[in-house]
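The values are calculated or read from the model by the stated rules, or taken from the named source; none is laboratory data. Keep in mind that what you see is a predicted model, and the values were worked out from it rather than measured. A quick note on method: Cβ atoms are made from the backbone with ideal geometry, for glycine too, and the neighbour counts reach across all protein chains shown. We work out accessible area using only protein heavy atoms, side chains counted, and drop any ligands, DNA or RNA first. Shrake-Rupley method; radii C 1.70, N 1.55, O 1.52, S 1.80 Å.
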Amino acid sequence: MNGESVVFWVSGAFAVAGALGMVVSKKAVHSALWVAFAMINIAVLYFALEAPFLGTTQIVVYTGAVMMLFLFVLMIVGVDSSDSLLETIKGQRLLASLFALTFGGVIVASISSTLASPSSGLAFANAGYGGHMQGIANLVFGTYLFAFEVLSALLITAALGAMVLAHNERWTPRKTQDQMQRERTLSNHVTPLPAPGVLARNNSVDTPALLPDGTTSIESLPNAFRGEGQVSKANSIEEAGK
Amino acid sequence: MIHAQAQGDLDIFGNDPAAVIAVKVLGIFVIMVLMTLLTIWAERRVVGRMQMRIGPNRVGPFGLLQSLMDGIKLALKEEIIPKGAHLAVYIIAPVIAATTAFLTFAVIPLGPQVSIFGTVTPLQLTDFPVSVLYILAIASVGIYGIVLAGWSSGSIYPLLGGLRSSAQMISYEIAMGLSFVAVFLYAESMSTSQIVAAQEPMWYIVLLLPSFIIYTTAMVGETNRAPFDLPEAEGELVGGFHTEYSSLKFALFFLAEYVNMVTVSALATTLFLGGWRAPWPISLWDQANVGWWPMLWFFGKVFAFIFVFIWLRGTLPRLRYDQFMKFGWKVLIPVSIAWILIVAVARYLRSSGGLEARNLLFAASAVLVVVVLISYALDLRRKKSDEIEEQRIALEAEKEFDPFAGGFPVPPMPGQVAQQSRRVKTTISSGVSAPLTASETTEGTNV
């Protein structure tokens, strides 16, 4: 067994384990991590096959950009959200497994058909270009330039579309830091507003702060709690104790 | 022809006997740990001097052993794992951060070929045609350490710190990657040793100054150092992503941060400051770029960058988050794309023999001046139209806002101010606040 096959069996097993882990884990974040793990192992396989450019691109694009974006969204949406195992679309699982099997069959068939004919090898593919990198560059920016440009146009359109969807027209001009500073200085509160709650008695947000002169401050409360009957009394707990 | 020659250069890598590889790996590890200790010491001493203090000076000569003692103390401290932590991820996160920090140094050339145990070998663990891309890939994996630390702590401040840092590092990684492109175009290679070799006649800091400036800005953002240390902003996030970490796990994050600092400095040295090549007055000595001497020049340059890092921390206040992101996306990235365009056109014209290089530089600077002037004129015009818009809004504001104009509830027009909700208004007018509560209190005590 030479070094390459050792790498193949180790990394290949890890990649498959990562893919299985992704399907099996209940937490979305764990699934994302398993995919990242599988991607890194696939990159290692590319390295072993003397395709370092493909390997690094695999890590930069999939692990670094795509999965990181997934993680980012998951973390914003919910820290602990886990998948519900309930089937929401009728017959989804059956159809999905059917399609998956068909897809797997197509992949196996196409790969085995290429294995039947003898491979021409890396040296043949790189011949005439002077190396792996130059070969890829010649293919992307030569033979397949049009497809490459079309794809980039598609991506730019998608990015523009996302920007249009997320765009929000401002009603009023944005306040500058200078303006906010001015407003704060001219208002009655140069310092931050007092925090709600009375230390050691009740630190809930509906309890107004006690000022040094013994009065309470309505300004310490969030706007939503300033209504009648919503302000709890600062000393109510003390009263209850008596 | 250049390609063929460049390919030949890389053949010197990957032929070392196992013992030499082991020595190199161990050497890199030891150097990085020592650099970390030294950098922490230097940071405390230099920042101390900048703040009119002395800094640590008790343990060892000049306080040099202070960071070693701090490290030992940190490792021996009690370890606290929060109840809500996702244990497996919580443990893996600092390991990812620390290991990826060390991995990058494998492709940094520390010197030319030397003889170790009778084997002639380059002072570099390995190199391959895309080693700079490899550094980017490792850096992007390193972000996982920080993001996962924030998520797995099961606490809100670390989560915010992790989110901030992932957004920041992804954004600045783009600018960083773009700043490499000009270097690739000039060196006609992505391998670090070949980039150093290509800088023999002229360092790229001279040829590609804009790229250098963009890279140095991005590298400060990438390492979460002041003034871009928003992920660990003490005033806002307690400690950022590592708030819930203690003892050895925290030490790993600390180590990773300083190793990363050394790594990005080393990369800046490699890409723009001629790598291990001696600076001008020394380079006149014909032994300057031979044998083990280059390692000294290399680490001298790296320490110059580290000093700048410390200097920035001692001088600049932290940026506001929105300003920081705006700077990354709206200034650094467009500027580097425009610069790449100029460099690419210049390279093409030169290689096709169209124009002299010097004329091209003049033409490029002329184009730049014109672009700057046009953008200035546009800004002036926009300001004027902004003033008109402001006047219009001021006029609108004079009209009183009718929340039920036309019989339907409507939002205020630009410039108009919505009235406060009725609930709030009644509260203030009836004066629930001070007097009422006070009187009720007295009633309570009477009963």
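Worth a mention:
- Scanning segment A:126-152 for residues that are touching a residue at least 24 places away in the same chain (Cβ under 8 Å) and not in a helix (DSSP H, G or I) yields no hits at all.
- Residue count for segment B:27-84 satisfying the condition of being assigned to a helix (DSSP H, G or I) and acidic (Asp, Glu): 2.
- Residue in segment B:255-305 that is surrounded by the fewest Cβ atoms within 10 Å (Cβ to Cβ), counting only those that are under 25 Å from B:VAL46 (Cα atoms) and touching an Asp or Glu at 6+ places or on another chain (Cβ under 8 Å): B:ASN260
- All positions within segment B:210-231 that are at pLDDT 90 or above and out of contact with any helix residue (DSSP H, G or I) (no Cβ under 6 Å at 6 or more places or on another chain): B:ILE213, B:THR216, B:THR217, B:VAL220
- Matching residues in segment A:27-52 - criterion: being open to solvent by 50 Å² or more (accessible area, probe 1.4 Å), in contact with a helix residue (DSSP H, G or I) (Cβ under 7 Å, 6 or more places away or on another chain) and not hydroxyl-bearing (Ser, Thr, Tyr): A:TRP34, A:PHE37, A:ILE40, A:ILE42, A:VAL44, A:PHE47, A:GLU50
- Pairs where the first residue, in segment B:213-230, is over 8 Å from B:TYR172 (Cβ atoms) and the second is basic (Lys, Arg) and in a helix (DSSP H, G or I), C-beta under 9 Å, 6+ apart: B:ARG225/B:ARG313; B:ALA226/B:ARG313; B:PRO227/B:ARG313; B:ASP229/B:ARG313; B:LEU230/B:ARG164
- Applying a threshold of 6 Å to beta carbon distances and a minimum spacing of six or more residues, or different chains, the list of pairs starting in segment A:24-44 at a residue that is more than 8 Å from chain B (Cβ to nearest Cβ) and ending at one that is part of a helix (DSSP H, G or I) and of a type in the set (Ser, Thr, Tyr) reads A:SER25/A:SER31; A:MET39/A:TYR62; A:MET39/A:THR63; A:ASN41/A:SER11; A:VAL44/A:SER11.
- Scanning segment A:153-194 for residues that are within 30 Å of A:THR216 (Cα to Cα), open to solvent by 70 Å² or more (accessible area, probe 1.4 Å) and part of a loop (DSSP other than H, G, I, E, B) yields A:ASN188, A:VAL190, A:THR191, A:PRO192, A:LEU193.
- Only one of the numbered conditions (1) among the charged types (D, E, K, R); (2) modelled with pLDDT of 90 or more; (3) part of a helix (DSSP H, G or I); (4) open to solvent by 70 Å² or more (accessible area, probe 1.4 Å) is not met by B:ASP11, and that is (2).
- For segment B:35-58, taking the residues that are in contact (Cβ under 8 Å) with a residue 24 or more places away in the chain and not hydrophobic (A, V, I, L, M, F, W, C), the one that is surrounded by the fewest Cβ atoms within 10 Å (Cβ to Cβ) is identified as B:GLN51.
- Cβ separations smaller than 7 Å between residues 6+ apart or across chains give the following pairs from segment B:232-259 residues that are within 22 Å of B:VAL220 (Cβ to Cβ) to residues that are open to solvent by 50 Å² or more (accessible area, probe 1.4 Å) and not in a helix (DSSP H, G or I): B:ALA233/B:ARG318.
- Flag for B:SER375 being open to solvent by less than 80 Å² (accessible area, probe 1.4 Å) and over 27 Å from the mean Cα position of the chain (by Cα): yes
- Near pairs, Cβ below 6 angstrom, 6+ apart or cross-chain, from segment B:120-141 (open to solvent by 20 Å² or more (accessible area, probe 1.4 Å)) to any residue that is at pLDDT below 85 and of a type in the set (Phe, Trp, Tyr): B:THR126/B:PHE13
- Filter result for B:ALA167 (free of Cβ contacts under 8 Å to residues at least 24 places away in the same chain, facing another protein chain (nearest Cβ under 9 Å), small (Gly, Ala, Ser) and open to solvent by less than 40 Å² (accessible area, probe 1.4 Å)): no
- Enumeration of residues in segment A:48-64 that are closer than 19 Å to B:THR104 by Cβ and either touching a strand residue (DSSP E or B) at 6+ places or on another chain (Cβ under 6 Å) or in contact (Cβ under 8 Å) with a residue 40 or more places away in the chain (or both): A:PRO52, A:PHE53
- Yes/no for A:VAL24 being at pLDDT 85 or above and open to solvent by 80 Å² or more (accessible area, probe 1.4 Å): yes
- Selected residue (criterion: farthest from the chain's Cα centre (by Cα)) from residues of segment A:112-141 that are away from every other protein chain (no Cβ under 14 Å) and surrounded by 10 or more Cβ atoms within 10 Å (Cβ to Cβ): A:ALA125
- Any chance B:ARG313 is of a type in the set (D, E, K, R) and outside any helix (DSSP H, G or I): no
A quick yes/no check of all residues on (1) within 12 Å of A:THR172 (Cα to Cα); (2) at pLDDT 75 or above; (3) loosely packed, with under 12 Cβ neighbours inside 10 Å:
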site: B:LYS383; (1), (2), (3): no, yes, yes
site: B:ILE388; (1), (2), (3): no, yes, yes
site: B:GLU396; (1), (2), (3): yes, no, no
site: B:PRO409; (1), (2), (3): no, yes, yes
site: B:ALA418; (1), (2), (3): no, no, yes
site: B:SER421; (1), (2), (3): no, no, no
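- Residue under evaluation B:ARG318, criteria (1) in a helix (DSSP H, G or I); (2) open to solvent by 30 Å² or more (accessible area, probe 1.4 Å); (3) within 20 Å of B:THR223 (Cα to Cα), criterion not met: (1)
- Pick from segment B:109-137, criterion facing chain A (nearest Cβ under 8 Å) and not in a loop (DSSP other than H, G, I, E, B), ranking: nearest to B:SER171 (Cα to Cα): B:LEU136
- Matching residues, segment B:144-203, being over 30 Å from A:LEU71 (Cβ atoms) and aromatic (Phe, Trp, Tyr): B:TYR186, B:TRP203
- Of the numbered criteria (1) under 30 Å from A:PHE72 (Cα atoms); (2) within 10 Å of another protein chain (Cβ to nearest Cβ), the one B:GLY161 fails is (2).
- A single member of B:ILE156, B:ILE205 is β-branched (Val, Ile, Thr) and within 12 Å of chain A (Cβ to nearest Cβ), and it is B:ILE156.
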